[in-house]
Amino acid sequence: SPHSASQGGEKVAGQCPDTMSITEASCSLMGEGHVTKFNGDFFTFKGNCPYKMIEDSRRGQFVVYARYQACGTNDAGNCLRSVTMYVDRVYGFSLERGWLINDNGKSRNVGNGETINLGGSAITLTRVGKTLVGTVVNKGITFYYDGINYFKVKVPFDYVESVNDFRGFCGQIPTDYMPSTGRDVSSFDVDMPALSRSSVCEPQFGSSDTSSCEDNSNDIQASLFSIAGECPVPLDLFVARAAEDVCGCALGDSTNYCFCNIAFSYKEECRQAGVEINVSEELCEKSFHQDAFKEEGLSYRRRHWFRSY
């Protein structure tokens, strides 16, 4: 299936080689407001507030908010500004644009290959190349953040007891879950609880209008295929998202921003699947992330990113 890459598992002895025992579910964000839910369904939205991704029903022991903000020319872009997590109702921290960590008001940073602990070692954070990889140790939850628009959280199935264990726009995880073929549910009622009831927080669902653009999907398919190598992650959804984002992209023409956001998201998904791939420098500069940060007013000094505005 082209859209079932949001699930993880392990081979089952005595069964066909492609039979997997589902052990975890994931919810991911990438590009211009593209969301893949726990069950493999997906949607696209534009928003301007913190929205609740995940809240478990065990008295809120794990809660995640994704803060989106209108950005770019005429506020036509959709930027993930931060992800805030609350663990065990007593500790909260935020991952912010540019690999910055807001640790209860204290700004911290993780260099490539470094590991830090947060919340009395309840959370570990490691920088793996362009991605912050975190673990909520006592819950077996893993999350990934590339400092721009890619964020993903993986939840083990043994953390799930009933269909109602999670609320938020990532959705619920049925205990009898089988991988979804993936449906675009942008036209359905997606629950997007926001921290504020202001009208500015009302999300707009659905893909951007691409009727005024040339069909670039074949070129994008070829570009992503050229870097895919042995990566087992299907390309279809990434191609569709990149084609949509590139049409009328409101951000960073000089950095090929909208395409490279998706290309590096694909690279990270491949890394999680155990395959390292390289994005051609003819498509995206190796310094893409740093260049994007600088355009947004973040500067680098003494191995730490900081706001320069």
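The values are calculated or read from the model by the stated rules, or taken from the named source; none is laboratory data. Predicted model, so just to flag it, every value in this text is computed and none were measured. Side chains are part of the model used for accessible areas, which takes the heavy atoms of the whole protein and leaves out ligands, DNA and RNA. Shrake-Rupley method; radii C 1.70, N 1.55, O 1.52, S 1.80 Å.
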Quick one: what are the phi-derived ³J(HN,Hα) couplings along segment 144-153, Karplus 6.51/-1.76/1.60 with θ = phi - 60°, whole Hz, x for glycine and proline? 9, 8, 9, x, 10, 10, 9, 9, 9, 10
What ³J(HN,Hα) values, in whole Hz, does the Karplus curve 6.51 cos²θ - 1.76 cosθ + 1.60 give for segment 62-79 when θ = phi - 60°, with x put for Gly and Pro? 8, 9, 10, 10, 10, 9, 9, 8, 4, 8, x, 4, 6, 6, 7, x, 9, 9
Give the long-range amide H neighbours of Arg183: residues separated by 5 or more places, or on another chain, with amide H under 5 Å away, using H modelled in the peptide plane at 1.01 Å from N. Asp41, Phe42
Quick check: at a probe of 1.4 Å, how many percent of the accessible area of segment 55-125 sits on carbon and sulfur atoms? 38
Enumerate the amide H contacts of Thr23 below 5 Å, restricted to partners 5 or more residues apart or on another chain; note that Pro and chain-start residues carry no placed amide H. Gly8, Gly9, Glu10
Beyond 29 Å (Cα-Cα) in this structure, taken from Lys37/Lys294; Lys106/Lys267; Lys46/Lys130; Lys37/Lys106, we find Lys37/Lys294; Lys106/Lys267; Lys37/Lys106
Amide H proximity to Cys49 below 5 Å, modelled H, separation 5+ or other chain, gives Tyr68
